[in-house]
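Down below is the structure, laid out as structure tokens.
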Amino acid sequence: MGRIDDTRPFIPVNIAVLTVSDTRKAADDKSGDTLAKRIEEAGHKIADRMILRDERAEIADQLRAWCAREDIDVVISTGGTGLTGRDVTVEAHRDVYEKEIDAFGTVFTMVSMQKIGTSAVQSRATGGVAQGTYLFALPGSPGACKDAWDEILKYQLDYRHMPCNFVEILPRLGEHLARTKG
């Protein structure tokens, strides 16, 4: 298990939250609220927040737009990771990813198994990297958002988490995008 090294400084990251739903509005976005509250309580900043319908192209376009912004380090979406025909968030994420973080979905499934048993197989939570930005797609339930944040992201987005974390390699995610003069 990892640990927090209190001799290292906390480094806040800027996080955008996207709720994907055909029915949710800001007034009843419990999953988005769950994430926003936990993000801010951890000391990070909400850089942007939005609700979009379950439309693959629109979701992918918004992810790309946020990845292009220098003031956004991480994008977390909630909703649209299930198995129905309208669940297209995972496909939209994968349209954008340069690299997938395969173990994120695996670890999320392990956490979910402890909470909801074999029903965990119905989630397609995923994580990846694009344009130097981390992207994570979580299920649309507040419980799933809580579990993903409390059990995985809270630690991986904390620079003090040892032996390693996502924040320490954040500056290197876009190395392949740097141009060199020869």
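The values are calculated or read from the model by the stated rules, or taken from the named source; none is laboratory data. Treat the numbers as computed from the prediction; the structure is a model and nothing was measured. When we count neighbours, we look across all protein chains shown, and the Cβ atoms used for this are built from the backbone with ideal geometry, even at glycine. Quick note on the areas: whole protein, heavy atoms, side chains included, nothing else; ligands and nucleic acids left out. Shrake-Rupley method; radii C 1.70, N 1.55, O 1.52, S 1.80 Å.
Annotation: SER119 carries an accessible surface of approximately 60 Å², with a 1.4 Å probe and no ligand, DNA or RNA atoms counted. For a straight C-alpha distance cut-off of 26 angstrom, the lysines reachable from LYS115 (same-chain residues fewer than eight places away being disregarded) are LYS30, LYS37, LYS146, LYS154. When the Cα convex hull of segment 50-116 is projected onto planes of every orientation, the mean area is 5.4 nm². With distances taken between every two different alpha-carbon atoms, segment 1-95 has a Kirkwood hydrodynamic radius of 14.4 Å.
Under 5 Å from the amide H of TYR159 lie the amide H atoms of ILE11, each residue being 5 or more positions distant or on a separate chain, with H modelled from the backbone and absent for Pro and chain starts.
Peptides 83-91, 127-135, 167-175 ranked from most to least packed by the mean count of surrounding Cβ atoms within 10 Å: 127-135, 83-91, 167-175.
Sort 19-29, 66-76 for me by packing, meaning the mean count of neighbouring Cβ atoms within 10 Å per residue, highest on top.
Details: 19-29: 15.6, 66-76: 19.3.
Final packing ranking: 66-76, 19-29.
Within the chain, helices built from complete DSSP H runs that reach 20 Å or longer along their own axis (Cα positions) and carry a mean Kyte-Doolittle hydropathy of -1.0 or higher are 102-116. Only protein heavy atoms count here; on that basis, with a 1.4 Å probe, GLU55 has an accessible area of about 60 Å². Computed on the chain, the Cα convex hull volume stands at 123 Å³ per residue.
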